[in-house]
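To start, the structure itself, in structure tokens.
The values are calculated or read from the model by the stated rules, or taken from the named source; none is laboratory data. The structure displayed is predicted, hence computed values, not measured ones. When we count neighbours, we look across all protein chains shown, and the Cβ atoms used for this are built from the backbone with ideal geometry, even at glycine. Protein only, heavy atoms only, side chains kept; ligands, DNA and RNA dropped before computing areas. Shrake-Rupley method; radii C 1.70, N 1.55, O 1.52, S 1.80 Å.
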Amino acid sequence: MDTAAFPRSRPVLTALAVLLLSILGRRFLVAEEKPIDPAALEQTLTQVRNTMNQARFTQDSFLPGLRDILNRAQAALEMERQAGGRSFTETFKILDELDSVSSFVVRVDGPRAAQLERGRAAPLRLYESASTPFLVSVYNRGHADIQIQLASNPEMRLEFRSSPSVTAKEIFKVAVGLLRPGRAGPQSLLLRLDLPESDQPMPLEEKLEVMPLLPVALSVQDENGQPVWAAFELRDPSGNLFPWCADRQAPDLSFQPQVYRTEGQFVALPPGRVHLKVTHGPEYRAIERDLDIRDAAGNRIEVRLERWIHLPGEGFYSGDTHVHAAGCRHFRDPNGILPEQVCPHLLGEDLHVVHLLNYGVSFDFQKSFCEATPNRVSQPLNLLKYDLEVSAFPSSHMGHPVLLNLSRFDFPRSSWNLPIFDWLKEQPQALGGYAHPTFAHYAFDRPYDFGFIDALELPVDLILGRVDTYEMLNQDRESELFLYYRLLNCGLRLTPVGGSDFPCIFDRRVGSARAVARLRGVFSLDAWMDALRAGRTQASDGQGFAWLTVEGSEPGSEIALAKPVTLRAAARGAVRPGGWLEEGRLQIVVNGEVAAEKVITQPGSWQSLEADLPIDRSAWIAARLLYHRGGQAFSEEWGSGRFSFCSAHTGPLYVRVGGKPIRAARRDPRWLIGWIDAAWKNGQEKIRPEERDAAKAAFDEARRRYQQILEECP
């Protein structure tokens, strides 16, 4: 096997290949610019699996967590290979999960030179649980025989022998087992290192105190005293999360710091000081406090939530149009999680609608929940609707269609996406768009360097009248706006929606990107879809909100003018208190250019911006809320960088002067023509021969229409 197929650019040194290296004694060679060989990757995963099955595990309790990751990595590899992937980003993302759960390490720097190090500069602690997995990671600069066991349970041990030929330039992280600490009380972790240069094994023993956990009752109520679900983040002074992440079972997810609970439920906490953080979606203030958990029965946490904004009181309802119940971080069960396990996340994040998208991972199992109406676990003001993302199917190389409010799910398995949108249009209640349209970074002066999940076919399908929505705020936000504005400047109409792509792009929480729709009348799924269809929406990351009216008309409206006039625009923006936006720039944009701006320095309430807009030709008008100081800000989900550029963006209003279409500038259709040519060159070979002529005709027709727009531009 040629392990040189793995490039240095991967964020992890391919944890399972490194596991294979240490157990099998294979050499891991770093490649500079070589493409990934999927056959070599698959062979690596297979050999790791076989090695795990043959290793001297005296208890099967070591294996489940590693096997979960292996199974999911194998499924992702097959999915990405069928989709024509080249970078296998999803597969490597799964392998990265081995990195995130290590608690301490052993370094072996040479003969008789070893030391035990603490992870995250925190004391090593375990907490009692009948099933708590404890993942041990070993860093090895040389080679050694390693045996691990709990002194209090000698039957639980793992040992393997590595080859003297193993070398590496970097420290290798090796996941070697899952230990279960069992009962509370003093224990010790014994490691024996048999170094080739030494005749005697080197023992290392770490004393552990396995701490007891106490049941703590929870009470959480909204501003009206009604019980609600909320997100609880609980940490001890060392930063350990509770419930213990590796021990969680759905609906508690191991990759999130928070768990979701409601009135009368419990969490298990250690005696002593515990820090509490409670949230209930972005419309409520976060509550933080330090708790003193008594070493006795009767502990109780009571929380009363406080709103800072009441969007439903103004007819605004929030939803996440892009959530998954299987695949990505749902690695513990290849089938994913069930509707009743998704529901606490929907309720705890105060979302009124979640579109749970079935896709290629565990498609057959999840499709059993797909139906024309909201799932049975839905509540009157919180709806869970199963729909589709066409991902990991033959057409996915041209982008991932997101199909909302479906009554049928038998979509065609074409190798390009227009036939799928044609099928969608047979369902008049449904809407369609593309997921994460701009994975790469786009600008006028940059080449069309498409990312592997970019919506290559979007400009084609949109101008041919098949696309309704534009998903925002889950990728490079500058590029999202850049592509969106090019399309709007050509007179095309798209409703902005927010989709988190949980737990693939965002895994911190459902609703990290959300659509906020202005409904007319009583809340229902039909009213929600009507608002999306009409364009009365904003996309928001929850750190801020924006809205706009022009001469009293809301987003999605068309204003017809016989001649140039000045229009009165009124925008509103609000910044979440205690969030990471802090300050925002509320802007009114006309054909993508800023026409008015106001800096919001007081979080916690609506701030207004009014402006007179001279309109001398057809235009679109929208409001947006940007991060202050050039768009650089810190976020829990992304860290810092340009991903934090736009916090909220309303749908456009469309102004037609003298009946003419919107034609902002020649550079817009010219750039989109270049996109279409590059997309065809990139994707034509992956379109089946029997479908290629029809696809070529559609691309040519789209190109002709953009050329006509170019000729109509001033």
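Amide H contacts of Glu583 (H built 1.01 Å from N, in plane; Pro and chain starts excluded): His628 sit under 5 Å, all sequence-distant by 5 or more or on other chains.
Near the amide H of Arg617, within less than 5 Å, lie no amide hydrogens of residues on another chain or at least 5 residues away, with H placed in the peptide plane.
Using the 1.4 Å probe convention, the accessible area of the range 323-416 works out to 29 Å² per residue with neighbouring protein chains retained. Scattering from the C-alpha atoms of the range 327-441 alone, worked out with Debye: what is log10 I(q)/I(0) at q = 0.10, 0.21, 0.24 1/Å? Log10 I(q)/I(0), no solvent term: -0.30, -1.25, -1.44. For the pair Val599 and Ala297, the difference between a 0.36 nm per residue extended length and the Cα-Cα distance amounts to 103.6 nm. For the range 213-317, the percent of C-alpha pairs falling in each 5 Å distance bin, counted from 0 to the bin holding the largest distance, reads 3, 12, 22, 24, 19, 11, 5, 3, 1, 0.
Express the carbon and sulfur contribution to the solvent-accessible surface of the range 504-628 as a percent, rounded to the nearest whole number, probe 1.4 angstrom.
Numbers: 1930 of 4450 Å².
With neighbouring chains kept in place, the figure for the range 504-628 is 44 percent.
Here, the range 280-395 has an Rg and a Dmax of 17.8, 59 Å when only alpha carbons are counted. Computed over the alpha-carbon pairs of the range 451-524, the distance histogram in 10 Å steps reads 17, 44, 31, 8, 0 percent, short to long.
Seen from Phe482, the other residues with C-beta closer than 11 Å to its C-beta sum to a net charge of -1, counting Lys and Arg as +1 and Asp and Glu as -1. So what is log10(I(q)/I(0)) for the range 390-490 at q = 0.23, 0.24 1/Å, when the Debye sum runs over its Cα atoms only? With no solvent term, the Cα-only Debye profile gives -1.26, -1.34.
How big is the Kirkwood radius of the range 523-605, worked out from every pair of different alpha carbons and given in Å to one decimal? The partial results should precede the final answer.
Working: mean 1/r = 0.0680 Å⁻¹.
Radius from the Kirkwood sum: 14.7 Å.
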